[in-house]
1. Counting only residues that are among the small types (Gly, Ala, Ser) and under 23 Å from ASP136 (Cβ atoms), which one in the range 172-198 is least open to solvent (accessible area, probe 1.4 Å)?
2. In the range 1-47, which residues are among the basic types (Lys, Arg) and modelled with pLDDT under 95?
3. Kindly evaluate VAL124 against the criterion of being more than 24 Å from HIS203 (Cα to Cα) and more than 18 Å from the chain's Cα centre (by Cα).
4. Against the conditions (1) at pLDDT 95 or above; (2) open to solvent by less than 10 Å² (accessible area, probe 1.4 Å), where does VAL115 fall short? Just the number, please.
5. Test ALA59 against the stated conditions and say whether it is closer than 16 Å to GLY98 by Cβ, of a type outside the set (Asp, Glu) and at pLDDT below 95.
6. Which residue is most open to solvent (accessible area, probe 1.4 Å), if the candidates are limited to the range 80-112 and must be more than 19 Å from the chain's Cα centre (by Cα) and of a type in the set (D, E, K, R)?
7. For the range 33-43, does any single residue satisfy the condition of being in contact (Cβ under 8 Å) with a residue 40 or more places away in the chain, touching a strand residue (DSSP E or B) at 6+ places or on another chain (Cβ under 9 Å) and surrounded by 13 or more Cβ atoms within 10 Å (Cβ to Cβ)?
Amino acid sequence: MGDSHTWTAAPAAAERARSVLAAAWSCAVTADGGREELVGAHSVADDGRVLLRVPEDSALLAAAICAPRGEPSAVLEFADVAPVPVRGRIRARLWLAGWFAPEDGHLAFTPTRVVLRQSSGAVVVDIDEFATAAPDPLALAEARLLTHLADCHGDAVERLPRLVDADSLHGAVRVRPLAVDRHGLTLRIERARAHGDVRLPFHAPADDIARLTERMHVLLAQASAASCPRALQRQRTDGEG
(Lines give C-alpha, C1' and ligand atoms only; values in the text may rest on other atoms or scores of the structure.)
Protein backbone atom coordinates (compact mmCIF):
# COMPACT_ATOMS: atom_id res chain seq x y z
CA MET A 1 0.00 0.00 0.00
CA GLY A 2 1.48 3.32 -1.00
CA ASP A 3 1.64 6.42 1.14
CA SER A 4 -1.43 8.62 0.97
CA HIS A 5 -1.56 12.39 1.29
CA THR A 6 -5.16 12.30 2.55
CA TRP A 7 -5.14 10.93 6.08
CA THR A 8 -5.95 11.95 9.62
CA ALA A 9 -3.61 12.20 12.60
CA ALA A 10 -5.73 9.75 14.62
CA PRO A 11 -7.83 6.69 13.73
CA ALA A 12 -11.56 7.08 13.22
CA ALA A 13 -13.85 5.51 15.83
CA ALA A 14 -14.81 2.57 13.60
CA GLU A 15 -11.16 1.78 12.83
CA ARG A 16 -10.23 2.09 16.50
CA ALA A 17 -13.09 -0.24 17.49
CA ARG A 18 -12.04 -2.84 14.93
CA SER A 19 -8.44 -2.58 16.17
CA VAL A 20 -9.51 -3.24 19.76
CA LEU A 21 -11.56 -6.20 18.57
CA ALA A 22 -8.73 -7.61 16.45
CA ALA A 23 -6.06 -7.40 19.14
CA ALA A 24 -8.10 -8.47 22.18
CA TRP A 25 -7.35 -11.92 23.57
CA SER A 26 -10.33 -12.20 25.92
CA CYS A 27 -13.89 -10.97 26.23
CA ALA A 28 -16.76 -10.95 28.69
CA VAL A 29 -20.17 -12.09 27.43
CA THR A 30 -23.43 -11.20 29.17
CA ALA A 31 -26.57 -13.04 28.07
CA ASP A 32 -29.81 -14.04 29.80
CA GLY A 33 -28.65 -12.49 33.03
CA GLY A 34 -25.46 -14.58 33.11
CA ARG A 35 -21.88 -13.56 32.44
CA GLU A 36 -19.02 -15.65 31.07
CA GLU A 37 -15.35 -14.74 30.68
CA LEU A 38 -13.80 -16.26 27.57
CA VAL A 39 -10.07 -16.37 26.83
CA GLY A 40 -8.69 -17.13 23.39
CA ALA A 41 -12.15 -18.20 22.24
CA HIS A 42 -13.08 -15.62 19.62
CA SER A 43 -12.15 -14.62 16.10
CA VAL A 44 -13.45 -11.84 13.89
CA ALA A 45 -14.99 -12.10 10.43
CA ASP A 46 -14.29 -9.47 7.80
CA ASP A 47 -17.72 -7.93 8.32
CA GLY A 48 -17.19 -7.46 12.06
CA ARG A 49 -19.12 -10.49 13.27
CA VAL A 50 -17.53 -12.21 16.26
CA LEU A 51 -17.17 -15.98 16.08
CA LEU A 52 -17.09 -17.69 19.49
CA ARG A 53 -15.95 -21.21 20.29
CA VAL A 54 -17.83 -22.33 23.40
CA PRO A 55 -18.34 -25.73 25.12
CA GLU A 56 -21.45 -27.69 24.24
CA ASP A 57 -22.81 -27.19 27.76
CA SER A 58 -22.30 -23.42 27.67
CA ALA A 59 -25.23 -21.27 28.75
CA LEU A 60 -24.46 -19.06 25.77
CA LEU A 61 -25.26 -21.87 23.38
CA ALA A 62 -28.62 -22.45 25.07
CA ALA A 63 -29.36 -18.72 24.98
CA ALA A 64 -28.55 -18.57 21.27
CA ILE A 65 -30.95 -21.41 20.54
CA CYS A 66 -33.80 -19.98 22.63
CA ALA A 67 -33.50 -16.23 22.00
CA PRO A 68 -35.58 -14.65 19.20
CA ARG A 69 -33.42 -13.96 16.17
CA GLY A 70 -32.69 -10.29 15.58
CA GLU A 71 -33.12 -9.15 19.21
CA PRO A 72 -30.12 -7.83 21.19
CA SER A 73 -29.71 -11.04 23.22
CA ALA A 74 -26.15 -10.48 24.45
CA VAL A 75 -23.43 -7.92 25.11
CA LEU A 76 -19.74 -8.54 24.46
CA GLU A 77 -17.15 -6.45 26.29
CA PHE A 78 -13.50 -6.10 25.28
CA ALA A 79 -10.75 -4.22 27.12
CA ASP A 80 -7.81 -2.62 25.35
CA VAL A 81 -4.86 -2.90 27.76
CA ALA A 82 -1.60 -1.05 27.22
CA PRO A 83 1.26 -3.56 26.70
CA VAL A 84 3.72 -1.32 28.55
CA PRO A 85 3.13 -0.93 32.32
CA VAL A 86 1.66 2.53 32.92
CA ARG A 87 -0.75 4.12 35.37
CA GLY A 88 -4.32 3.65 34.13
CA ARG A 89 -3.43 0.75 31.86
CA ILE A 90 -6.84 0.24 30.19
CA ARG A 91 -6.76 2.48 27.13
CA ALA A 92 -10.28 1.73 25.87
CA ARG A 93 -13.32 -0.48 26.33
CA LEU A 94 -15.50 -1.78 23.53
CA TRP A 95 -19.08 -3.00 23.94
CA LEU A 96 -20.99 -4.86 21.24
CA ALA A 97 -24.71 -5.48 21.68
CA GLY A 98 -26.42 -7.89 19.32
CA TRP A 99 -27.55 -11.47 18.85
CA PHE A 100 -26.08 -14.93 18.58
CA ALA A 101 -26.81 -17.73 16.15
CA PRO A 102 -25.22 -21.19 15.97
CA GLU A 103 -23.09 -21.50 12.86
CA ASP A 104 -20.75 -24.31 11.75
CA GLY A 105 -19.86 -25.51 15.23
CA HIS A 106 -19.51 -22.09 16.86
CA LEU A 107 -21.61 -19.08 17.79
CA ALA A 108 -21.74 -16.21 15.34
CA PHE A 109 -22.43 -12.89 17.06
CA THR A 110 -23.87 -10.12 14.87
CA PRO A 111 -23.53 -6.67 16.48
CA THR A 112 -26.41 -4.22 16.23
CA ARG A 113 -24.88 -1.52 18.44
CA VAL A 114 -21.22 -0.63 19.03
CA VAL A 115 -19.95 1.65 21.79
CA LEU A 116 -16.30 2.64 22.19
CA ARG A 117 -15.12 4.37 25.36
CA GLN A 118 -11.71 6.04 25.44
CA SER A 119 -10.20 8.69 27.71
CA SER A 120 -11.92 11.33 25.58
CA GLY A 121 -15.35 9.80 26.31
CA ALA A 122 -17.78 7.28 24.85
CA VAL A 123 -18.99 7.28 21.26
CA VAL A 124 -21.59 5.19 19.47
CA VAL A 125 -19.94 3.80 16.34
CA ASP A 126 -22.02 3.71 13.16
CA ILE A 127 -22.81 0.05 12.58
CA ASP A 128 -22.25 0.22 8.81
CA GLU A 129 -18.91 1.96 9.27
CA PHE A 130 -17.94 -0.66 11.84
CA ALA A 131 -18.83 -3.49 9.44
CA THR A 132 -16.72 -2.09 6.60
CA ALA A 133 -13.78 -0.73 8.63
CA ALA A 134 -10.48 -2.55 8.85
CA PRO A 135 -8.29 -2.68 11.96
CA ASP A 136 -5.14 -0.62 12.01
CA PRO A 137 -2.41 -2.49 10.09
CA LEU A 138 -0.14 -2.31 13.16
CA ALA A 139 -2.78 -3.50 15.66
CA LEU A 140 -1.54 -7.08 15.96
CA ALA A 141 2.11 -6.03 16.18
CA GLU A 142 1.58 -3.07 18.53
CA ALA A 143 2.26 -4.93 21.78
CA ARG A 144 5.59 -6.26 20.52
CA LEU A 145 6.59 -2.89 19.03
CA LEU A 146 5.82 -0.85 22.15
CA THR A 147 7.45 -3.36 24.50
CA HIS A 148 10.60 -3.33 22.37
CA LEU A 149 10.63 0.47 22.32
CA ALA A 150 10.25 0.70 26.10
CA ASP A 151 12.67 -2.09 27.02
CA CYS A 152 15.41 -1.66 24.42
CA HIS A 153 15.32 2.00 23.37
CA GLY A 154 15.00 3.98 26.56
CA ASP A 155 17.23 6.69 25.08
CA ALA A 156 14.73 7.21 22.27
CA VAL A 157 11.83 7.44 24.73
CA GLU A 158 13.79 10.08 26.67
CA ARG A 159 14.33 12.14 23.51
CA LEU A 160 10.76 12.10 22.21
CA PRO A 161 9.35 14.44 24.90
CA ARG A 162 11.39 17.21 23.30
CA LEU A 163 8.60 17.30 20.70
CA VAL A 164 5.97 17.87 23.38
CA ASP A 165 4.75 21.28 24.52
CA ALA A 166 6.53 22.22 27.73
CA ASP A 167 3.23 22.82 29.56
CA SER A 168 2.29 19.18 29.01
CA LEU A 169 5.47 18.09 30.77
CA HIS A 170 4.91 20.19 33.88
CA GLY A 171 5.39 17.98 36.93
CA ALA A 172 6.30 14.93 34.83
CA VAL A 173 8.04 12.11 36.71
CA ARG A 174 7.99 9.51 33.93
CA VAL A 175 7.25 9.27 30.20
CA ARG A 176 6.27 5.95 28.63
CA PRO A 177 5.10 4.85 25.17
CA LEU A 178 1.36 4.20 25.45
CA ALA A 179 0.13 3.41 21.93
CA VAL A 180 1.16 3.35 18.31
CA ASP A 181 -0.87 3.08 15.13
CA ARG A 182 -0.30 3.99 11.52
CA HIS A 183 -1.18 7.61 12.28
CA GLY A 184 1.20 8.30 15.15
CA LEU A 185 2.74 7.53 18.54
CA THR A 186 1.07 8.35 21.88
CA LEU A 187 3.11 9.00 25.02
CA ARG A 188 1.83 8.72 28.58
CA ILE A 189 3.06 11.59 30.77
CA GLU A 190 2.91 10.47 34.40
CA ARG A 191 2.96 12.96 37.26
CA ALA A 192 3.01 12.39 41.01
CA ARG A 193 -0.79 12.30 41.31
CA ALA A 194 -2.11 12.31 37.76
CA HIS A 195 -1.26 11.52 34.16
CA GLY A 196 -1.99 12.74 30.65
CA ASP A 197 -1.39 11.65 27.09
CA VAL A 198 0.21 13.45 24.16
CA ARG A 199 0.20 12.36 20.56
CA LEU A 200 3.09 12.67 18.10
CA PRO A 201 1.58 12.34 14.61
CA PHE A 202 3.60 10.87 11.79
CA HIS A 203 4.18 12.96 8.67
CA ALA A 204 2.55 10.20 6.58
CA PRO A 205 0.77 6.93 7.39
CA ALA A 206 2.83 3.91 8.44
CA ASP A 207 0.99 0.99 6.88
CA ASP A 208 3.68 -1.60 7.68
CA ILE A 209 6.71 -2.13 9.91
CA ALA A 210 9.16 -0.72 7.36
CA ARG A 211 7.22 2.53 7.07
CA LEU A 212 6.82 2.69 10.86
CA THR A 213 10.59 2.42 11.27
CA GLU A 214 11.08 5.33 8.88
CA ARG A 215 8.41 7.45 10.62
CA MET A 216 10.03 6.81 14.00
CA HIS A 217 13.44 7.80 12.65
CA VAL A 218 11.92 11.08 11.45
CA LEU A 219 10.43 11.78 14.89
CA LEU A 220 13.72 10.99 16.61
CA ALA A 221 15.65 13.22 14.21
CA GLN A 222 13.22 16.04 14.95
CA ALA A 223 13.58 15.39 18.67
CA SER A 224 17.37 15.43 18.47
CA ALA A 225 17.23 18.80 16.73
CA ALA A 226 14.85 20.25 19.32
CA SER A 227 15.94 21.81 22.57
CA CYS A 228 15.15 19.95 25.76
CA PRO A 229 12.09 21.49 27.49
CA ARG A 230 12.84 23.16 30.81
CA ALA A 231 10.30 20.94 32.55
CA LEU A 232 12.18 17.86 31.36
CA GLN A 233 15.52 19.41 32.31
CA ARG A 234 14.22 19.97 35.85
CA GLN A 235 12.94 16.39 35.95
CA ARG A 236 16.40 15.07 35.03
CA THR A 237 18.12 17.40 37.48
CA ASP A 238 15.86 16.28 40.31
CA GLY A 239 16.50 12.66 39.40
CA GLU A 240 20.25 13.17 39.45
CA GLY A 241 20.14 15.01 42.72
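The values are calculated or read from the model by the stated rules, or taken from the named source; none is laboratory data. Computed from a predicted structure; not experimentally measured. All Cβ positions, glycine included, derive from the backbone under ideal geometry; neighbour counts span all protein chains shown. Ligands, DNA and RNA are excluded from the accessible area calculation, which covers all protein heavy atoms including side chains. Shrake-Rupley method; radii C 1.70, N 1.55, O 1.52, S 1.80 Å.
1. Taking the candidates together, the pick is GLY184.
2. Listed by number, the list holds a single entry, ARG35.
3. Details: more than 24 Å from HIS203 (Cα to Cα): yes; more than 18 Å from the chain's Cα centre (by Cα): no.
It is false that VAL124 is more than 24 Å from HIS203 (Cα to Cα) and more than 18 Å from the chain's Cα centre (by Cα).
4. It is condition (2) that VAL115 fails.
5. no
6. ASP104
7. no
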